[in-house]
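Note sheet for the following structure.
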Amino acid sequence: MNDKIKEYFKNPRNLEVMADATVMGQGGDPGCGDYIELYLKIEKDIIIKASAMVAGCPYAIATTSAFTEMITNQSLDDAMMISGDRVVSLLGDLPEEKIHCSLMGPEALRNAAHNYIMARICTPG
Ligand code: FES
């Protein structure tokens, strides 16, 4: 584990339940059983705050923590363009068998965006 990943694991950013979140999305890997919940506070389609809860390995904690920072202050559309590869690039090399840990944030974001759009479509008025 490189120093940057170690630092994000030991001092994770934004790992908390967000009580006033606009929307929540879930991501997980059935292969290892790890799971995250991603909370977003959205105003005018901009993610003004992101946080997550992670039930997973140190790499899942580090990559999800970095992902919450990367999507903060991004439009929902731009945040959706941030792939697991970009998370890996930010943190440096991940062992091959841990690459999937970096995919849960983007998956949870897609799920949250789906929930956000559905809530807007289905909310009367
Ligand atoms: Fe499965 Fe890290 S998320 S081992």
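Values in this text are rule-based calculations from the coordinates and carry no lab data. Everything quoted here is computed from the prediction, not taken from an experiment. Here the Cβ is made from the backbone with ideal geometry for all residues, glycine too, and neighbour counts use every protein chain on show.
So that you can scan it fast, the table gives a plain yes or no per residue for (1) in a strand (DSSP E or B); (2) within 14 Å of the chain's Cα centre (by Cα); (3) of a type in the set (Phe, Trp, Tyr):
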residue: 6; (1), (2), (3): no, no, no
residue: 17; (1), (2), (3): no, yes, no
residue: 20; (1), (2), (3): no, no, no
residue: 26; (1), (2), (3): yes, yes, no
residue: 32; (1), (2), (3): no, no, no
residue: 50; (1), (2), (3): yes, yes, no
residue: 54; (1), (2), (3): yes, yes, no
residue: 64; (1), (2), (3): no, yes, no
residue: 67; (1), (2), (3): no, yes, yes
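Could you list, in sequence order, all residues of the range 71-99 that are surrounded by 18 or more Cβ atoms within 10 Å (Cβ to Cβ) and either assigned to a helix (DSSP H, G or I) or touching a Ser or Thr at 6+ places or on another chain (Cβ under 9 Å) (or both)? Correct list: 71, 76, 79, 84, 87, 88, 91, 94, 98.
Every residue, every condition in (1) within 27 Å of residue 43 (Cβ to Cβ); (2) among the hydroxyl-bearing types (Ser, Thr, Tyr); (3) within 16 Å of the ligand (Cβ to nearest atom), yes or no:
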site	(1), (2), (3)
81	yes, no, no
90	yes, no, no
94	no, no, yes
97	no, no, yes
101	no, no, yes
109	yes, no, yes
113	yes, no, no
120	yes, no, no
124	yes, no, no
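Within the range 108-125, being part of a helix (DSSP H, G or I) and surrounded by fewer than 18 Cβ atoms within 10 Å (Cβ to Cβ) holds for 110, 114, 115, 117, 118, 119, 120, 121, 122. For the range 22-70, the set of residues classified as within 14 Å of the ligand (Cβ to nearest atom), among the hydrophobic types (A, V, I, L, M, F, W, C) and loosely packed, with under 14 Cβ neighbours inside 10 Å consists of 55 only.
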